[in-house]
Structures are given as C-alpha cells and as structure tokens.
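Taking it in order: structure first as structure tokens, then the write-up.
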Amino acid sequence: MLRTAPLVRGRVHALTWTLVAGAVLVQIAYPLTPEALRTQVTVLSVVVFAAASLCDATRLHGARGGLLLLVVAGGGGLVAEAVGLRTGVPFGAYAYTGTLGPELLDVPLVVPLAWTMMAWPALVVGRTLARSRAGVVAVGAAALAAWDVFLDPQMVDAGHWRWLDPGPGLPLVPGIPLTNYAGWLLVSALVVAALHATLPAHDRPPAPATALYLWVYGSSVLAHLAFFGLPGSALVGGVLMGAVAIPFARAARRAGVGAGLLPAGTRASGVRP
C-alpha cells in the first residue's frame, strides 16, 4: 500500500508526457494537413494541448489543481470572450465565423480550452522568472499575452474570426488591433493572479509545462515564417514572446530542468517535476 501513491503519480507523469508528445505531433501535422482538414486539426491540437496542461497541473496539485486550472483559465476565458463579443470590451469589436465547432454563449468551446492550455505554462514562466506576487502576475501575463501575437494572425488568416475595426495594430502585424493585445494582457493578468493565489508554488519549473511553452515559442516562429506566409508575426512574435521565453529557457536549464524534458525521470519511489 505504501507504493500505491507513487505508482499512481508515476502513471499520471507518464500520461502527462504522452499528452505533451501528442500535442507536439498534432501541431507538427497541422501545416502538412490539407487545408480542408485543418480546422479539425486545429481543434484537436487545442484539446490535446489543454489535456496535457490539465494533466500536469493535476500531477502536481491533485484533482483540485486540475479543476482550478479549468475553472479559472477556461471559465475566465469563456466569460471574457462572451463579454467581449457583446460589448467590444476588453479586446475590441470582433466576431467568430462559426468554423470552430460547438459554441457556448456564442463562444466556440475550443476557445476557453485554448486559454486553459497556455495559462498553465504561462503561470510556470511567471513563477520561474519572478519572486514577488506582482512580478509573477506581470511576467505570467506577458508570457500568455505574447502568444496571441502568433495566434490571432494565424486564426484570422484561416478565417476563424474577424476584427470589425482592425487598426491600429502592431508593426508588421496588420489586421489585429492594439486593443486586442491590451485586452489579452488584462485578462491574462487576472487569470495568472487567480491561479497564483490558489495553486501552491513549485520548487522548480515542471518539465512538461516548460517543454510546452518552449515548444509553442519555437514552433510558432518557424511555422509563421516557413509555412503560413506570415513573416511579420514571426518576427514580432519572436521578439515579444522571446523576451520571456529565452530567459525562461535559461532559468529552467539552471534549475536542472533541461535534462528532465524527457519522461525518463519516473521512479518507483516518486517522480521528478
């Protein structure tokens, strides 16, 4: 009986890494998929990635941790999007085009899952690079909002949503208003603050969350540059997200996480972060 809990943790650890690998493979498949099937792959990518983040949070904080992540990030994202669609606050005026599957409150269900999937790695980034509560929230919000410099141009280009008043925007990233990024910073700060207040801090960055964040950064730069024909967002997103991703990668390596980015660290007596 004494070995039961470590055995369960080990299985959750293995499942987490399986989902991380699945998220990476689906995202690799996306630009190689025929355009007629890309929407289905988009949805699958978000679902698998969100499952990986939820599993990692559950692995460290139990079922309560996974539920808190889903409620705070997913629920908070849903509320923000629903309000945004009806009022234009805080993102600006936009509309979904009905291509992303089932909706709740006129918001595709995959959208709150997208908030969930990146909120967990963003929290880890904030906690790794900052120590004060305000610092964690600021860095975590920047880590989450910077991802949208890649997300929004890609999704608008794919026809999943449109901006009713798309200017002014970031240099080299036309069609996405600055209000969108301001809204992302605000909602991201609220989400990260709530997660930081309710989930215990980590001794060091969890390796699955570290792998997920750094994968999103590197793969987004490459995909926008080489596959999506969006060099502007590749450059601007590379700089803005890189401002947190590169220091985070260095800090994670100093913390000894680099050698743990593969799931081989599982042991019968316990699991490494």
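The values are calculated or read from the model by the stated rules, or taken from the named source; none is laboratory data. Please read these numbers as outputs of a predicted model, since none were measured by experiment. All Cβ positions, glycine included, derive from the backbone under ideal geometry; neighbour counts span all protein chains shown. Side chains included, ligands, DNA and RNA excluded: accessible areas come from the protein's heavy atoms. Shrake-Rupley method; radii C 1.70, N 1.55, O 1.52, S 1.80 Å.
Quick notes on this structure:
- Out of A182, A194, A207, one residue alone is open to solvent by 10 Å² or more (accessible area, probe 1.4 Å) and closer than 17 Å to S53 by Cβ. It is A194.
- Residue within the range 43-54 that is polar (S, T, N, Q), open to solvent by less than 30 Å² (accessible area, probe 1.4 Å) and in a helix (DSSP H, G or I) present: yes
- Restricted to the range 174-188, and to residues there that are out of contact with any Leu (no Cβ under 9 Å at 6 or more places or on another chain) and of a type in the set (A, V, I, L, M), the residue that is farthest from A80 (Cα to Cα) is A182.
- Test for G66: is it farther than 18 Å from V216 by Cα and in contact with a strand residue (DSSP E or B) (Cβ under 6 Å, 6 or more places away or on another chain): no
- Taking the range 55-66 as the range and being loosely packed, with under 15 Cβ neighbours inside 10 Å and among the aliphatic types (A, V, I, L, M) as the test, only A63 passes.
- No other residue among G101, G84 is outside any strand (DSSP E or B), touching a Pro at 6+ places or on another chain (Cβ under 7 Å) and surrounded by fewer than 19 Cβ atoms within 10 Å (Cβ to Cβ) apart from G101.
- Subset of the range 18-36 [modelled with pLDDT of 95 or more and among the aliphatic types (A, V, I, L, M)]: L19, V20, A21, A23, V24, L25, V26, I28, A29
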